[in-house]
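Asks: Pasting in a structure now, in structure tokens, and then I'll have a few things to ask.
The values are calculated or read from the model by the stated rules, or taken from the named source; none is laboratory data. Here the structure is a predicted model, which means the values were calculated and not measured. Virtual Cβ from ideal backbone geometry, glycine too; neighbours counted across all protein chains shown.
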Amino acid sequence: MAASRTARLLARIWFRGLQREGPDLPSGPCLILLNHLNGLLDPLAAAALLDRRAGWLAKATLWKIALLRPFLTAFRAIPVTRPKDGGATRASILESFRKVHEVLAQGGSVAMFPEGVSHTHADLEPLKTGAARIALSCPVPLAVVPAGLVYGDRGRFRHSVLLRLGEPVPFADLVARGTGPETVAELTGRIREALKPLTLHGADERSLALAQQVAWLMAEAPGSRVDLEALRRRVQGLLPHLAALPEATFASLETRVQEVQAWLRERGLRPDQVGHPYPGAEVRRWFPGAMLRLSLAVVLAVPWLLFWPPYRLAGWIAARFTDEGDLTATLKLLGGLLLLPLWALLLAGAVAWPWGGWAALLPWLALGMVVLGQPLLERAGEDLQAIRGFLRRRDPAVPELLEAREQLLKAFPVLARG
């Protein structure tokens with residue numbers, strides 16, 4: 001339970017929105033299989049959103065990182081040596097399987113990433129066969145549950161994440177056939193087909209990129225709080241339609257979407273603000289709260305600026321040591337967990353020297369204000385964005401953009417059903 005609470009606490013700090021959709025996990029032992037696109041943030045998000053504690057299969061090389069060892073222990077991680085890391089033997093792999101089977105035989109659950117590697121590719125990586133072999137050789141009946149992770153902006157602090165659970169993958173008809181290569185390959189294929197619609201992955205990178213761009217343009221909320229389940233449904237619904245378009249029509253749609261995105265960036269607007277009428281009653285209800293939030297944000301700006309250097313340093317370290325998008329958030333999180341308390345300790349020592357021991361509490365109080373006040377600062381940022389949208393509400397291009405939106409809805413009815 002302590003591990004689950006720790007995961008939820010860290011997830012609440014990192015993510016602004018945590019969303020879970022789909023059926024509940026079946027009772028009894030479950031093998032939970034997830035896509036892997038955001039390094040160590042993937043198990044953190046999943047652990048915070050799952051309704052039960054699960055053990056995790058993790059690559060053995062993670063135990064070499066001292067900062068991670070307490071977390072690996074708390075989350076009951078089971079090491080597995082991958083062939084790509086060197087040192088993998090049949091005996092070591094079978095020992096990992098044995099430990100997984102032991103947890104499952106006790107009625108527990110184990111989560112793993114069957115791709116075997118975190119990545120930034122549009123499509124799922126080819127799945128390793130380990131998940132299928134674990135399921136087919138398990139000494140007790142179990143449910144193989146696919147789960148998709150979808151991020152609002154995976155590398156950015158304080159964005160949203162969705163965990164979309166699917167129905168268990170049927171494989172009872174394969175158990176009697178054992179763990180031969182053909183049977184393992186067939187179950188691995190079923191797992192892949194069950195995972196894809198739960199995610200934002202797709203084989204055609206160009207169609208997937210356009211589907212995501214169009215889906216974001218139809219969002220009805222700020223990017224950090226958008227309904228990611230609706231976004232996922234829209235993307236998955238758009239993909240077959242986009243794939244069927246003639247090349248000229250597809251290219252024309254790409255160009256038009258890019259023009260709209262450029263217009264929004266130039267004016268600093270969100271898609272949901274275009275054409276919003278800002279009725280007087282709504283503005284009057286919003287105004288007092290907005291003024292209060294903006295006033296409090298000015299107060300919180302002082303401790304926030306005090307901790308700006310380690311925050312920026314964590315981002316710099318992430319950019320300096322990796323250009324892989326799936327590792328950026330991991331390095332930011334680990335850097336923040338290390339640098340922010342260290343910075344508070346240094347500030348405490350600096351103020352305690354001239355003003356006494358009581359003053360050493362002030363930097364820790366400021367750090368607490370930064371963490372607890374982050375939601376208010378975000379709401380204040382949305383208030384400023386609302387002001388920008390209000391001032392731009394009569395832009396001459398708005399009617400044309402609204403007409404383009406209506407054309408999209410007519411061409412792709414799935415967007416209206418999102």
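Asks: Please work out which one of (1) within 20 Å of the chain's Cα centre (by Cα); (2) surrounded by 15 or more Cβ atoms within 10 Å (Cβ to Cβ) is the condition Ile78 fails and give its number.
Replies: It fails just one condition, (1).
Asks: Touching a helix residue (DSSP H, G or I) at 6+ places or on another chain (Cβ under 9 Å), under 30 Å from Gly335 (Cα atoms) and either assigned by TED's automatic domain parsing to the domain that holds Arg192 or of a type in the set (A, V, I, L, M, F, W, C) (or both): does that describe Ala111?
Replies: yes
Asks: While we're looking at this one, here's another question. List every residue pair whose Cβ atoms lie under 6 Å apart, where the two residues are 6 or more positions apart in sequence or sit on different chains, the first residue falls within the stretch 172-199 and is closer than 30 Å to Gln19 by Cβ, and the second residue, located anywhere, is among the β-branched types (Val, Ile, Thr).
Replies: So the pair list comes out as Thr188/Thr129; Arg190/Val169; Ile191/Val169; Ala194/Val169.
Asks: A further question follows. Assess whether Gly315 counts as being farther than 30 Å from Leu253 by Cα, exposed (fewer than 13 other Cβ atoms within 10 Å of the Cβ) and of a type outside the set (Asp, Glu).
Replies: When the stated conditions are applied, Gly315 does not pass them.
Asks: Glu102 is checked against (1) farther than 29 Å from Gln19 by Cα; (2) crowded, with 18+ Cβ neighbours inside 10 Å and fails just one. What number does that condition carry?
Replies: (2)
Asks: From the residues in the stretch 106-127 that are of a type in the set (Val, Ile, Thr) and over 22 Å from Ser4 (Cα atoms), which one is farthest from the chain's Cα centre (by Cα)?
Replies: The selected residue is Val117.
Asks: Of a type outside the set (Phe, Trp, Tyr), under 21 Å from Leu200 (Cα atoms) and either out of contact with any Gly (no Cβ under 9 Å at 6 or more places or on another chain) or outside the structural domain of Ala143 (by TED's automatic domain parsing) (or both): which single residue out of Ile65, Ile32 fits that description?
Replies: Just one listed residue meets the conditions, Ile32.
Asks: Okay, next question. Pick out the one residue from Leu372, Leu346, Leu408 that is surrounded by 15 or more Cβ atoms within 10 Å (Cβ to Cβ), assigned to a helix (DSSP H, G or I) and either free of Cβ contacts under 8 Å to residues at least 60 places away in the same chain or in contact with a Leu (Cβ under 8 Å, 6 or more places away or on another chain) (or both).
Replies: Leu408
Asks: Restricting to the stretch 245-255, give me the number of residues that are surrounded by fewer than 14 Cβ atoms within 10 Å (Cβ to Cβ) and part of a helix (DSSP H, G or I).
Replies: Qualifying residue count for the region: 6.
Asks: A further question follows. Please go through (1) within 28 Å of Arg392 (Cβ to Cβ); (2) in contact (Cβ under 8 Å) with a residue 60 or more places away in the chain; (3) outside any loop (DSSP other than H, G, I, E, B); (4) not hydrophobic (A, V, I, L, M, F, W, C) for Gln212 and return the number of the only condition it doesn't satisfy.
Replies: (2)
Asks: Additional query: Condition check: closer than 22 Å to Pro141 by Cα and among the basic types (Lys, Arg). Does Lys84 satisfy that?
Replies: So Lys84 does not fit the description; no.
Asks: Restricting to the stretch 257-289, count the residues that are in contact (Cβ under 8 Å) with a residue 12 or more places away in the chain, surrounded by fewer than 14 Cβ atoms within 10 Å (Cβ to Cβ) and of a type in the set (Lys, Arg).
Replies: Adding up the residues that qualify gives 0.
Asks: Residues that are closer than 21 Å to Leu228 by Cα: list the helices (runs of 4 or more DSSP H) wholly contained in the stretch 1-88 that include at least 1 such residues.
Replies: Qualifying helices (runs of 4 or more DSSP H): 2-14, 41-49.
Asks: A further question follows. Restricting attention to the stretch 89-105, which residues are in a helix (DSSP H, G or I) and either under 24 Å from the mean Cα position of the chain (by Cα) or more than 23 Å from Ala47 (Cα to Cα) (or both)?
Replies: Correct list: Arg90, Ala91, Ser92, Ile93, Leu94, Glu95.
Asks: Could you tell me whether Ala66 is under 26 Å from Leu10 (Cα atoms) and out of contact with any helix residue (DSSP H, G or I) (no Cβ under 9 Å at 6 or more places or on another chain)?
Replies: yes
For every residue, the table says whether it meets (1) under 27 Å from the mean Cα position of the chain (by Cα); (2) under 30 Å from Leu337 (Cα atoms); (3) among the basic types (Lys, Arg).
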{"position": "Trp353", "(1), (2), (3)": "no, yes, no"}
{"position": "Met369", "(1), (2), (3)": "yes, yes, no"}
{"position": "Arg379", "(1), (2), (3)": "yes, yes, yes"}
{"position": "Leu391", "(1), (2), (3)": "no, no, no"}
{"position": "Ala416", "(1), (2), (3)": "yes, no, no"}
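Asks: Is there any pair linking a residue in the stretch 130-153 that is within 30 Å of Thr330 (Cα to Cα) and touching a residue at least 60 places away in the same chain (Cβ under 8 Å) to one that is of a type in the set (Phe, Trp, Tyr) and not in a helix (DSSP H, G or I), with Cβ under 8 Å and at least six apart or on different chains, and which?
Replies: Qualifying pairs under 8 Å: Ala135/Phe171; Val144/Phe171.
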